[in-house]
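For reference, the structure discussed in these notes is given below.
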Ligand code: PGA
């Protein structure tokens, strides 16, 4: 059975001084059974958040990593630098594809670096509005996942067992618009079809697929009603303990229902 996962992506918000207390507040507000929780603060807040969450089972994630292991890359952070600070790392977020022009090949290379360092990758994918309107959403997302993971296969042999995919339609991120639960489930199935082609049906079936894009306490239940969707990657609402509390409660209900079969 796949885990139910809720991941907070704080993006470029919080400071080293306030991130720890916020992480503690959210950890307390989301303490429910059967749900894995991950908080991804900015790099400079990883250490205080990690320290603040000591003694809880909330994991810490980074939001990005460099594609090279080390060297003359001013201002960048390598996978080995994250060891001890983050057990997860988001890669391929649409804001980085947009602003830093990250390609699928580069994103695949980042996953290789994370695997080398023993950090669990959360690979983001998602279509633009024009692609959805043109009927190309599934094709686009499958191509993103395939292109990134083929880099990993070409270099490492096998895909990491702890891979998580986050499906985030670009038009739904930070807009207040969400995909429908049915659209998210259709995409989760399509992503698993690609994973099955790359690494076999068992790997695909075991890989969690999260939904992201304007998830709130109000919208989350629609996604958790879909057995193919295993949780959420949450941006704006993840900075608010009351939102995260309600999201965690919904996740716990889904986890309990799934455990009952
Ligand atoms: P949002 O962000 O929840 O604010 O739409 C989600 C994300 O970008 O991961």
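When residues in segment 211-261 are screened for being closer than 18 Å to residue 182 by Cβ, over 18 Å from the mean Cα position of the chain (by Cα) and not in a helix (DSSP H, G or I), 2 of them pass.
Within segment 221-247, how many residues are surrounded by fewer than 20 Cβ atoms within 10 Å (Cβ to Cβ), without any contact (Cβ under 8 Å) to a residue 40 or more places away in the chain and within 18 Å of residue 12 (Cα to Cα)? Summing the residues that are surrounded by fewer than 20 Cβ atoms within 10 Å (Cβ to Cβ), without any contact (Cβ under 8 Å) to a residue 40 or more places away in the chain and within 18 Å of residue 12 (Cα to Cα) in segment 221-247 gives 1. With respect to (1) more than 16 Å from the ligand (Cβ to nearest atom); (2) crowded, with 19+ Cβ neighbours inside 10 Å; (3) assigned to a loop (DSSP other than H, G, I, E, B), the lone exception for residue 161 is condition (2). Being under 19 Å from residue 251 (Cα atoms), touching a helix residue (DSSP H, G or I) at 6+ places or on another chain (Cβ under 8 Å) and buried (at least 19 other Cβ atoms within 10 Å of the Cβ): is that true of residue 180 here? So residue 180 does not fit the description; no. Within segment 1-21, the residues that satisfy the criterion of being away from the ligand (no atom under 16 Å from the Cβ) and either modelled with pLDDT of 95 or more or surrounded by 20 or more Cβ atoms within 10 Å (Cβ to Cβ) (or both) are 2, 3, 4, 15, 16, 17, 18, 19, 20, 21. Screening residue 202 on (1) part of a helix (DSSP H, G or I); (2) touching a helix residue (DSSP H, G or I) at 6+ places or on another chain (Cβ under 7 Å); (3) more than 23 Å from residue 137 (Cβ to Cβ) shows it passes everything except condition (2). Got at least one residue in segment 203-213 being at pLDDT 95 or above, more than 11 Å from the ligand (Cβ to nearest atom) and under 17 Å from residue 37 (Cβ atoms)? Yes, because at least one residue in segment 203-213 is at pLDDT 95 or above, more than 11 Å from the ligand (Cβ to nearest atom) and under 17 Å from residue 37 (Cβ atoms).
The values are calculated or read from the model by the stated rules, or taken from the named source; none is laboratory data. Just so it is clear, the structure is predicted and the values come from calculations on it, not from any experiment. Positions of Cβ are generated from backbone atoms using ideal geometry, with glycine treated the same way; all protein chains shown enter the neighbour counts.
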